[in-house]
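Readers should treat all values here as calculations from the given coordinates under stated rules, not as data from a laboratory. From a predicted model like this one, the values you see are computed outputs, not experimental measurements.
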């Protein structure tokens, strides 16, 4: 049986994903990288907004792995973008 905070987390995350998908497609700038970055930002915001005060449930402790993988992918995207901007002779 899901708790109230878990339901808030899932609903908040799904709302953020759908809203970001809708806004990016309306603006005509929908790309997988941009959607991932905006989704990661929303995921982290929803985690903080639904965080319990006293006790951390087991399901929330497992989110650290998802956050870590998300930050690694984000780092890869940033490094790739920086390498695209730099002139070819620098590296």
query = Can you give the calculated 222 nm mean residue ellipticity of the chain, where each DSSP H run of n ≥ 4 adds -39,500 (n - 2.57) and the sum is split over every residue, rounded to the nearest 500 deg cm²/dmol?
reply = -25500 deg cm²/dmol
message = Below 8 Å between Cα atoms, with a sequence gap of 6+, how large is the relative contact order for the chain in percent?
response = 32
key: Highest-fluctuation residue, 70, 28, 42 considered, GNM on the chain with Cα pairs under 10 Å   = 28
Computed over the range 4-85, the ratio Rg/Rh where both radii use C-alpha atoms and Rh is Kirkwood = 1.04
